[in-house]
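The values are calculated or read from the model by the stated rules, or taken from the named source; none is laboratory data. Treat the numbers as computed from the prediction; the structure is a model and nothing was measured. Note that each Cβ is placed from the backbone with ideal geometry, even for glycine, and that neighbours are counted across all protein chains shown. Each accessible area value is taken on the protein alone, full model and side chains, heavy atoms only, with ligands, DNA and RNA left out. Shrake-Rupley method; radii C 1.70, N 1.55, O 1.52, S 1.80 Å.
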Amino acid sequence: MTRTSSELKPKIVLGIAAHPDDLDVGAAGTIAKFVEEGAEVHYLILTDGSKGSDDPSMTSAQLIELRHNEQREALQVLGGKDVTFLDHPDGELEITLDLKKEIVKAIRTVRPDVVITMDPTFIYDANSGIINHPDHRAAGQATLDAVFPLARDRLTFPDLEASGFEPHKTATLLLINFSRSNYTVDISDTFEKKFKAMQAHLSQFGELTEPGWLKEFAASQGSSAGYELGEGFMRIDVR
Ligand SMILES: [Zn+2]
C-alpha cells in the first residue's frame, strides 16, 4: 500500500489557481464529488484573467468582470462555497514572497485539509505540444511554498498571526498535471456537473454543446485506474 492509496474524504477544500477556469478544467469533477460527500469548497484565483480573449472588441476591464462572473457561476454549479479573486495582472504572475503571503493568509483563513493547485513541475508535454502557462506554474510553486512550510510555521509572517491568522498544516495536496498522475478520482457520476461548470466559461470555450473533447479527456484520465471517467493528480500527503 502506498502513501497515496487511501480515498480522500476532505471536509474543507481550497482550490488555488492562476485563472478563472483552471480549477474547473483540471478538477471540477473531483470538486463536485467532494461537495456531494459533504466538503466545503473555496476557490482562490490569483490573476484577473484579463488576457484570455482574441475578440477585438473585448476590453480587459470587460473581460475581468465577465470571467469573475463565469467563475462564480461555475463554482455554484459544483456546489462550492465562495471564490476570492486577488486580481494580479493576467500573464504577469510572479513567484514573490508577497504572493506567498497572500496565499498563506487564505490558507490560514479557510484551514483546508486538501489544497488543489497546478503542478509547477509540469512545464511542457512535447507529445501533445502543450507548454504550461507560466501563470499556472507560478501559482503552483507559490502555493506549494505557502502550504509547506510558510502557512505551517508560527514564526513566519508574525503580523498575520498577530491579526488572528493562526498557523495551519494542510494534510494533502492534489496537483493538476496533465502529463502524469499518481492518484485518480472517479468522476463518472459527477462528469455532468463538470460539463455544466465548463459551459459557464463561455469566454474561454465558446458554446460547449457537446461534452466531446472534455469527455475524451476524462476517459483517458480515468482509464489508467479502471474508471469510465476520471481526473488524475499528483497527490502528496504532507508529512
Ligand atoms: Zn489558465
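Residue by residue through segment 90-131, note down the ones that are in contact with a His (Cβ under 6 Å, 6 or more places away or on another chain) and either in a loop (DSSP other than H, G, I, E, B) or farther than 24 Å from Ser50 by Cβ (or both).
Hits for segment 90-131 are Ile107, Arg108, Val110, Arg111.
Condition test on Gly164, is it open to solvent by less than 70 Å² (accessible area, probe 1.4 Å), within 16 Å of the ligand (Cβ to nearest atom) and either at pLDDT 95 or above or not acidic (Asp, Glu) (or both)?
Criteria not met by Gly164.
Any idea which residue in segment 21-38 is farthest from Leu66 (Cα to Cα), counting only those that are small (Gly, Ala, Ser) and either open to solvent by 10 Å² or more (accessible area, probe 1.4 Å) or within 16 Å of the ligand (Cβ to nearest atom) (or both)?
So the residue we want is Gly38.
Given (1) among the hydroxyl-bearing types (Ser, Thr, Tyr); (2) open to solvent by less than 40 Å² (accessible area, probe 1.4 Å); (3) more than 16 Å from the ligand (Cβ to nearest atom), identify the lone condition not met by Thr47.
Result: Thr47 fails condition (3) only.
Can you tell me which residue among Leu14, Leu97, Leu66 is within 16 Å of the ligand (Cβ to nearest atom) and at pLDDT 95 or above?
None of the others qualify; the one that does is Leu66.
Among His42, His19, which is in a loop (DSSP other than H, G, I, E, B) and in contact with a helix residue (DSSP H, G or I) (Cβ under 8 Å, 6 or more places away or on another chain)?
His19
Considering only segment 88-120, state which residues are among the β-branched types (Val, Ile, Thr) and within 10 Å of Ala146 (Cα to Cα).
Listed by number, the residues that qualify are Ile103, Val104, Ile107.
Checking Ser60 against (1) away from the ligand (no atom under 13 Å from the Cβ); (2) of a type in the set (Ser, Thr, Tyr); (3) crowded, with 21+ Cβ neighbours inside 10 Å, which single condition isn't satisfied?
The failed condition is (3).
Matching residues to (1) open to solvent by 40 Å² or more (accessible area, probe 1.4 Å); (2) modelled with pLDDT under 95; (3) more than 19 Å from Val147 (Cα to Cα):
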residue: Phe195; (1), (2), (3): no, no, yes
residue: Gln204; (1), (2), (3): yes, yes, yes
residue: Met234; (1), (2), (3): no, no, no
residue: Asp237; (1), (2), (3): no, no, no
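Mind listing just one residue for me: the one in segment 111-138 that is among the charged types (D, E, K, R) and open to solvent by less than 10 Å² (accessible area, probe 1.4 Å) and, of those, nearest to the ligand (Cβ to nearest atom)?
Asp135
So which of Asp159, Asp113, Asp153 is closer than 24 Å to Arg235 by Cβ, acidic (Asp, Glu) and more than 19 Å from the chain's Cα centre (by Cα)?
That would be Asp153, the only listed residue that is closer than 24 Å to Arg235 by Cβ, acidic (Asp, Glu) and more than 19 Å from the chain's Cα centre (by Cα).
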